[in-house]
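Let me begin by presenting the structure, written as structure tokens, before commenting on it.
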Amino acid sequence: MSNKVPTIVLGGTGYVAGELLRLIAAHPGLELKAILSDSQPGESVAKAFPHLAAVYSQLKYSSLESITDLIATLPTSAVLAAAPHGVSHKLLDGLLSAAEAAGTKPRVVDISADYRYSTAAAYEAVYKHAHGAPQRIKQFTCAVPEHLAHSPTPHVSHPGCFATSILLATVPLLKLGLIEPRVFASAITGSTGSGRTPTAGTHHPQRHSDLYAYNALVHRHAPEITELTQVASGIHAEINFVPHSGPFARGIHATVQATAAKPIKTAELIAALQGFYQHSPFVRVSNDMPRIKEVATSNYAHMSAVADGNSIAVMCAIDNLVKGAAGGAVQWLNRLLGFEESLGLITPAPGWT
């Protein structure tokens, strides 16, 4: 593809930034121009991501100053932001202000939580600090791509990985009137969901052969899931969320349970979900229970469901770093740039990770 869109990655050495680099390398419509690390400009990107050395052997990290200058010189560009929560809001505000002053038009997809909420007050209630650029919030829309055909704003915020898996399972149930608006969600995530810096919860000897819940019913992503569920379905639902840490590196397996609005059979439930996602190329609904190995490293979500008349359970498996972060962001970017939304994302999971 000629006339590739110059692309900038914000996020340094994190796992999601690494996945963005991997996806961009194989994307026929994007050309990486720079990746930000203000703490180590000039350092080799391949040193942080040795598995990407074959495609980025000469790439160096850029400073914020050089990226600000770059974005002001590119008439159009794409920005994929994987900076930490609480950092992205000011970082993007500065870059967008520079672009506005220069008359350039970047399109941004933010993967942090900083632009997921519709108001600064809602963000501040969860993250306990002031939003760094509240005037920018109205320029961002937050949704999984499958739940919004077109963004009404120039920029998009991608939901979190837990939220993505639970939204994919919950929104159709509510929107189709299949359940009462009280949802119980349990999701198990791999250790990469906790970031690259080792902690007691992500250190391999501690996590290996173990499974445990944490922040049960008080996880900070629960308000995000509640708000985005209402936006996507038009129904306010009570979301009861219990996250778990699993003994694997990547992937999320979510189970959503609710009371049926009226008696329903498993075949009817699966048919309803298949109909809801019939035009969504990355969501596969089948009779077979989803497995993380079937989606790990890919942008696909596998789902199944069961019903016993009065109760409903929907299972969803995704890769937390791809469908729940970098891949979903590229999917949105494809739409913002006028590409086919599946461009550069159709590679299936290897199956034996």
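The values are calculated or read from the model by the stated rules, or taken from the named source; none is laboratory data. Note that this is a predicted model, so its numbers are computed, not measured. Don't worry about glycine lacking a Cβ; one is built from the backbone with ideal geometry, like all the others, and counts go over all protein chains shown. Side chains included, ligands, DNA and RNA excluded: accessible areas come from the protein's heavy atoms. Shrake-Rupley method; radii C 1.70, N 1.55, O 1.52, S 1.80 Å.
To keep it simple, each residue is scored yes or no on (1) in contact with a Pro (Cβ under 8 Å, 6 or more places away or on another chain); (2) under 17 Å from residue 254 (Cβ atoms); (3) open to solvent by 40 Å² or more (accessible area, probe 1.4 Å).
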site	(1), (2), (3)
124	no, no, yes
168	no, yes, no
190	no, yes, no
210	yes, no, yes
217	no, yes, yes
| message | Condition check: of a type in the set (Phe, Trp, Tyr) and free of Cβ contacts under 8 Å to residues at least 60 places away in the same chain. Does residue 248 satisfy that? | response | yes
| Residues of segment 80-98 being within 16 Å of residue 140 (Cα to Cα) and part of a helix (DSSP H, G or I), which ones? | 88, 89, 90, 91, 92, 93, 94, 95, 96, 97
| remark: By residue number, the members of segment 53-68 that are of a type outside the set (A, V, I, L, M, F, W, C), in contact (Cβ under 8 Å) with a residue 24 or more places away in the chain and in a helix (DSSP H, G or I) are 66, 68
| Considering 35, 71, which residue is out of contact with any His (no Cβ under 9 Å at 6 or more places or on another chain) and assigned to a helix (DSSP H, G or I)? | 71
| message | Every residue in segment 35-57 that is open to solvent by less than 50 Å² (accessible area, probe 1.4 Å) and either among the polar types (S, T, N, Q) or within 21 Å of residue 327 (Cβ to Cβ) (or both), please. | response | 35, 36, 37, 44, 45, 48, 49, 52, 56
| Subset of segment 1-19 (residues that are in contact (Cβ under 8 Å) with a residue 40 or more places away in the chain and under 14 Å from residue 343 (Cα atoms)) | 5
| request: Evaluate the following for residue 195: is it crowded, with 23+ Cβ neighbours inside 10 Å and under 18 Å from the mean Cα position of the chain (by Cα)? | output: no
